[in-house]
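Before any comments, here is the structure.
The values are calculated or read from the model by the stated rules, or taken from the named source; none is laboratory data. Everything quoted here is computed from the prediction, not taken from an experiment. Heads up, the Cβs are rebuilt from the backbone with ideal geometry, glycines too, and the neighbour counts pull from every protein chain shown.
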């Protein structure tokens, strides 16, 4: 059935992509999704981009009713933008996809089959890989509790937030996955109230995984689904902006989920450590930005 004649009730998947000056990678992301023969819709939320790519995509797919573009006149943040799109989604399954990811038909079908086969699956992630096929360590993560975060900062292998071991080509239960590819039942997303909008950018994916598990459902990593991930052009253009919100997200996750936050002196030390780390990163970020220009 042509997309223009397809009822929203026949859809199996709603794909949500949030763009913020994501650059040419967004074109390939959209092309891959819309090349699928699955009955799906793609909702693209543009967070006040200035690169002209989202309007160009809308023009290129003007006759494809599967694509909806929502324009925001300010940067809402990642989670709020996904929540905005989810309120307009029609399918029973919701896929949150980064604009620099290329997810093809076979991979989409594998993720949907896994979701249908696992009734206790609350959220499913995939292994995100670089251009050389090397998995990103953030594909398989654990809750960023204080001791783990310190271990990551100090470079202690095997003790940090990322699980630094070979990812098996099978489905495994994990604590958290990369937010670049996240598949959920739409009912689960609604039950959770979507992403916590107290996060602007970064750590909202860790928060969502934690809340899925708190409800008694599984977070799964589909080890046999490998997705090319381009590692964010918007982050490269605005490193200090992104880093600021990443550190703010760390602080929010700590306050909400880490038992150590109940100790005032520990919480004060963590707050100081997070923002000191942020400040120390700024010179290097700015120098790398200048070298790219």
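Summary table
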| item | result |
| --- | --- |
| Criterion (touching a strand residue (DSSP E or B) at 6+ places or on another chain (Cβ under 8 Å) and surrounded by fewer than 18 Cβ atoms within 10 Å (Cβ to Cβ)) met by exactly one of 186, 178, 139 | 186 |
| Spans of helices (runs of 4 or more DSSP H) in the range 167-252 with at least 3 residues under 25 Å from residue 53 (Cα atoms) and touching a helix residue (DSSP H, G or I) at 6+ places or on another chain (Cβ under 9 Å) | 233-237 |
| Any chance residue 156 is more than 15 Å from the chain's Cα centre (by Cα), in a helix (DSSP H, G or I) and surrounded by fewer than 17 Cβ atoms within 10 Å (Cβ to Cβ) | no |
| Hey, residue 59 closer than 23 Å to residue 111 by Cα, exposed (fewer than 14 other Cβ atoms within 10 Å of the Cβ) and either outside the structural domain of residue 104 (by TED's automatic domain parsing) or modelled with pLDDT of 95 or more (or both) or not | no |
| In the range 159-171, residue nearest to residue 260 (Cα to Cα) [restricted to those that are loosely packed, with under 13 Cβ neighbours inside 10 Å and touching a strand residue (DSSP E or B) at 6+ places or on another chain (Cβ under 6 Å)] | 168 |
| Matching residues in the range 1-29 - criterion: being surrounded by 15 or more Cβ atoms within 10 Å (Cβ to Cβ) and either at pLDDT below 90 or assigned to a loop (DSSP other than H, G, I, E, B) (or both) | 3, 6, 11, 12, 20, 21, 22, 23 |
| Exclusive hit being under 26 Å from residue 285 (Cα atoms), in contact with a strand residue (DSSP E or B) (Cβ under 8 Å, 6 or more places away or on another chain) and surrounded by 20 or more Cβ atoms within 10 Å (Cβ to Cβ), set 128, 225, 212 | 128 |
| Every residue from the range 41-66 that is touching a strand residue (DSSP E or B) at 6+ places or on another chain (Cβ under 7 Å) and within 17 Å of residue 88 (Cα to Cα) | 41, 42, 43, 44, 45, 46, 47, 66 |
